[in-house]
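Quick notes on the structure that follows.
Any read-out appearing in this document is the output of simple, stated calculations on the displayed coordinates, not a laboratory observation. Computed from a prediction, not measured in an experiment: that's the story for all the values here. Cβ: placed from backbone, ideal geometry, glycine included. Neighbour counts: every protein chain shown.
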């Protein structure tokens, strides 16, 4: 009888240990936690901490099905604004190089991006400055391409024209995506184009 009780107790303890591991795994698996879109996971000394993220569902597309990969490094994904800026805007007020601190490198570098840091002064960069005013940024050229490809999930309410990206092409030009056919172009920075802001997520 005693042996039977010990065996049953051992089996019960083993079941509880396996169950505990499955619960722990479900909370340390960042893909499962991230799927809720309102939490991040930070582990320290085996401890899991959840930090709330907020996303205004009336201003931003907040679900996992309406995200694109983040290529600027201020998150894993981007969330997209539900509407354009009310007016078209210039990329820069002069057709000159984007240098630090506004861009990641000096001297009109092809493929360089405006920085994600909203403590930076973007007064001379009207499109980026508008996004800063709503706590956001411009999408990179590749993020903008993803937005075009998945435009139906982003409200399908884009203008029939070019949208500015964060991405510089040269001292004179910055990159755009044409939302009629998805082609990528370079426009002089003082030209006005549509603006759709994003946030790193």
Review point. Expressed as a rounded percentage, what relative contact order does the stretch 99-143 have, with Cα pairs under 8 Å and six or more residues apart?
Key: 26 percent
Point to revise | Inter-probe distance in nm under a simple model that places probes 7 Å from Cα toward Cβ, at residue 190 and residue 64 | key: 4.8 nm
Practice item. Note down the Stokes-Einstein diffusion coefficient of the stretch 60-200 in µm²/s, whole number, using a Kirkwood radius over alpha carbon pairs, 25 °C, and 0.890 mPa s. Key: 169 µm²/s
Practice item. Arrange 189, 132, 100 by Cβ neighbour counts within 10 Å, fewest through most, would you? Key: 100, 132, 189
Practice item. With label points built 7 Å along Cα→Cβ from the Cα atoms of residue 99 and residue 153, find their separation and express it in nm. Key: 4.1 nm
Check your understanding: Any idea how far the Cα center of the stretch 56-125 sits from the one of the stretch 154-183, in Å?
Key -> 12 Å
